[in-house]
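**Student:** The structure's right below; bear with me while I get my questions together.
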Protein chains: 2
Amino acid sequence: MASKPSVSAHDVAERAGVSRSAVSRTFTPGASVAPETRERVLKAADELGYHVNHLARGLMRRESGIVCLIVSDAATPYRSALLRELTIHLQNAGKVVMLINTDRSDDSVGQALRQAIRYQADASIILSGLPDKSITQLCLKNGQRLVLINRDDDQPGPLKINLNDEEASSRIALAFERAGCRHVAFANSDARTPSLMARERGFSKAAEALGLEVTVERYGWTGYEAGKVLAHRLLTRKIRPEAVFCATDLLACGFMDAARHEFGLSIPGQLCVAGFDDIEQAGWESYQLTTFAQPLASIAEAAVSWLCSAPEETAMSVPSVLIEPQLIWRKSVRGG
Amino acid sequence: MASKPSVSAHDVAERAGVSRSAVSRTFTPGASVAPETRERVLKAADELGYHVNHLARGLMRRESGIVCLIVSDAATPYRSALLRELTIHLQNAGKVVMLINTDRSDDSVGQALRQAIRYQADASIILSGLPDKSITQLCLKNGQRLVLINRDDDQPGPLKINLNDEEASSRIALAFERAGCRHVAFANSDARTPSLMARERGFSKAAEALGLEVTVERYGWTGYEAGKVLAHRLLTRKIRPEAVFCATDLLACGFMDAARHEFGLSIPGQLCVAGFDDIEQAGWESYQLTTFAQPLASIAEAAVSWLCSAPEETAMSVPSVLIEPQLIWRKSVRGG
DNA sequence: TTGTACGCGTTATCAA
DNA sequence: TTGATAACGCGTACAA
């Protein structure tokens, strides 16, 4: 047995007694082929187990059907949920997903994009990191479309999908004020991602405008453990904040656990907590976290429809989409 | 500007003033090319932004470098963690990951495998569902290697990686008995996956052998919500079980939350709970769940090394790997 | 070491 | 509607 005994259109043509072109046409939607010929080809193909070789097809059509998803920390609840939504939408659009895991460095994103170019990806969607401008140009030059999700970048060319983090965050400040809190805090990671900083900014500004005392603390990476550390830092201050807005739900979960189990605080009785992302765990009985849901389906929808659209449409459209997060009231903030 | 203005080896050759094969050789490790020529080619390639076209290369080499990951419910904590481990290992091995999301039907897996064939994937790793035997044969016939993870199947050809679910589960029965529990229960989903059923079997048998009273309940899909429902069913019985082994951590989280917040039970004081998978949340302060860790790195390692190995090795090796889960003692079971 | 010529499996073009 | 032929970009046997 040969190493890769794959069956080609040639074999099918031979068996069906037609030309290679007839086989190709049979598998090309909208091509003109006689019903009877088509039938014969289909039969032969089935018997032989023939499948169109998309590598070769992509070579000819200059369109691989591959869309590259570039992401770090893909196993995180928020990221994996977004990934799922994108994957489903892409599959429904007839695209195939190539997944590239990066570390959190920008160089790593560059490497991923080069890989995407090598595989002639029709487009790449970037969920983490920010590519160098030269790499962006390289992608565009190679006919690859780019989508940046929550990456605050102003280069022309890529489609930019952003959440209105700042405006949303300001609403939490108002909610805290209505709950009767005077001293509030923002718990952030030290990742300093554009969206994280926008949330911090939106909250701080609004809180100050309302005359509240605002404390900001940043620590580590955006995960559960960092949330616990942030709780230690904020809850041991001389004036303990009465309400804390965490930059993400994962931070909020760690924060709440520390607040309850290590400081014995009741939520929302003694402490109000809010988060962002609406990960699945935010709805769990142990947390019941008031948070912002990212409309993941809308994000995926916007990304996929843009990268599947005709070139002329793409060139004309303003490549920027702003999406409104949705406030989900649960039980971690008084009032509501 | 043309639609896909990608730069080819021909362009590089022209600019460097060499033949096209010289370019090809420069990018083929281990090919003989003069250092000076190589230098010229590299320079021209860099200036033009040339990248080898892996579609064309795959066509020639009959090896695409693509490995297909077939999975349903990829956004689940356990699945996404396994996915991450596999992706990282594959990338380190120089492979590129194609992700295909399926629903839970076996037919859907078949469709995914056909897609893998169309893209000439070197291998497919199946995490969910079970392909029809004829499709398995089709893959093998097309020179595609197959890895089945936790899919209890006896077809020859694919590599089968399985956890020793049954033996592991029996150890929990012993732990419950040592904790002084007489009435125990197994909380399962109704998915009836081989691994889930093996856990049920292993636990039930061992518990009965120890002279314990065993109740088994099954409901819905393997998720948090099902865990809550299972808690309602089991905790409202005339004789309330003193210990419950949940088939997965996700079920256990839902179970614990319902037990505490709706039935007011203390864990492990009034109720012992154990889970399986060691998802991240199992270690969170709110759960501190005693559970089994799946050695994900070992699983990924085994899968990747096998599918990267030489054909002759593959043909000889017994394509089956049994991996031992590791018991993680936390605080949801008395004793330990 | 280098260049020429061919084949990989497909689609697009064109004449029949 | 059909079949022959030319690309697509690359690797490689072969000859130089």
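The values are calculated or read from the model by the stated rules, or taken from the named source; none is laboratory data. Every value quoted in this text rests on a predicted model; they were computed, and no experiment measured them. Note that we place each Cβ from the backbone using ideal geometry, even for glycine, and neighbour counts take in every protein chain shown. Just the protein is used for accessible areas: all its heavy atoms, side chains included, with ligands, DNA and RNA removed. Shrake-Rupley method; radii C 1.70, N 1.55, O 1.52, S 1.80 Å.
**Student:** Give the stretch A:308-334 a look and list any residue that's farther than 22 Å from residue A:202 by Cβ and away from chain B (no Cβ under 14 Å), or say none. Reasoning before the result, please.
**Tutor:** In the first step, residues of the stretch A:308-334 are kept if they are farther than 22 Å from residue A:202 by Cβ; the result is A:308-319, A:331.
Listed by number, the residues that qualify are A:308, A:316, A:317, A:318, A:319.
**Student:** For residue A:165, all conditions in the list (1) away from every other protein chain (no Cβ under 14 Å); (2) surrounded by fewer than 20 Cβ atoms within 10 Å (Cβ to Cβ); (3) not aromatic (Phe, Trp, Tyr) hold save one; what is the number of the exception?
**Tutor:** (2)
**Student:** Scan the stretch A:99-119 and give yes if some residue there is touching an Asp or Glu at 6+ places or on another chain (Cβ under 7 Å), among the charged types (D, E, K, R) and farther than 23 Å from residue A:199 by Cα, otherwise no.
**Tutor:** No, every residue in the stretch A:99-119 fails to be touching an Asp or Glu at 6+ places or on another chain (Cβ under 7 Å), among the charged types (D, E, K, R) and farther than 23 Å from residue A:199 by Cα.
**Student:** Taking the residues in the stretch B:27-49 that are within 11 Å of DNA strand C (Cβ to nearest atom) and among the small types (Gly, Ala, Ser) as candidates, determine which candidate is farthest from residue B:85 (Cα to Cα).
**Tutor:** It comes out as B:34.
**Student:** Do we have residue B:324 as without any contact (Cβ under 8 Å) to a residue 40 or more places away in the chain, in contact with a helix residue (DSSP H, G or I) (Cβ under 9 Å, 6 or more places away or on another chain) and surrounded by fewer than 17 Cβ atoms within 10 Å (Cβ to Cβ) here? Working first, answer last.
**Tutor:** Details: without any contact (Cβ under 8 Å) to a residue 40 or more places away in the chain: no; in contact with a helix residue (DSSP H, G or I) (Cβ under 9 Å, 6 or more places away or on another chain): yes; surrounded by fewer than 17 Cβ atoms within 10 Å (Cβ to Cβ): yes.
So residue B:324 fails the test.
**Student:** If you don't mind, there's one more thing I want to ask. Quick test for you: out of B:29, B:35, pick the one residue that is within 11 Å of DNA strand D (Cβ to nearest atom) and either under 36 Å from the mean Cα position of the chain (by Cα) or surrounded by fewer than 18 Cβ atoms within 10 Å (Cβ to Cβ) (or both). Quick ask: steps written out before the conclusion?
**Tutor:** On the way: B:35 fails: within 11 Å of DNA strand D (Cβ to nearest atom).
Exactly one residue qualifies, and that residue is B:29.
**Student:** Among what's in the stretch B:1-16 and is more than 9 Å from DNA strand D (Cβ to nearest atom) and open to solvent by 60 Å² or more (accessible area, probe 1.4 Å), pick the residue that is nearest to residue A:53 (Cα to Cα).
**Tutor:** In this case the residue turns out to be B:3.
**Student:** Determine, yes or no, whether residue A:36 is of a type in the set (D, E, K, R), assigned to a helix (DSSP H, G or I) and at pLDDT below 95.
**Tutor:** yes
**Student:** Answer yes if at least one residue in the stretch A:50-57 is within 11 Å of DNA strand C (Cβ to nearest atom) and either at pLDDT below 95 or among the acidic types (Asp, Glu) (or both), and no otherwise.
**Tutor:** For the stretch A:50-57, residues within 11 Å of DNA strand C (Cβ to nearest atom) and either at pLDDT below 95 or among the acidic types (Asp, Glu) (or both): absent.
**Student:** Next question. Criterion first (closer than 28 Å to residue A:117 by Cβ, within 40 Å of the chain's Cα centre (by Cα) and assigned to a helix (DSSP H, G or I)) does residue A:42 satisfy it?
**Tutor:** Here the answer is no, as residue A:42 does not meet what is asked.
**Student:** Would you be able to say whether some residue in the stretch A:164-184 is under 24 Å from residue B:69 (Cβ atoms) and under 17 Å from the mean Cα position of the chain (by Cα)?
**Tutor:** Looking through the stretch A:164-184, none of the residues is under 24 Å from residue B:69 (Cβ atoms) and under 17 Å from the mean Cα position of the chain (by Cα).
**Student:** Can I ask one more? Does any residue of the stretch B:19-29 turn out to be within 14 Å of another protein chain (Cβ to nearest Cβ) and in a helix (DSSP H, G or I)?
**Tutor:** No, the stretch B:19-29 has no match at all.
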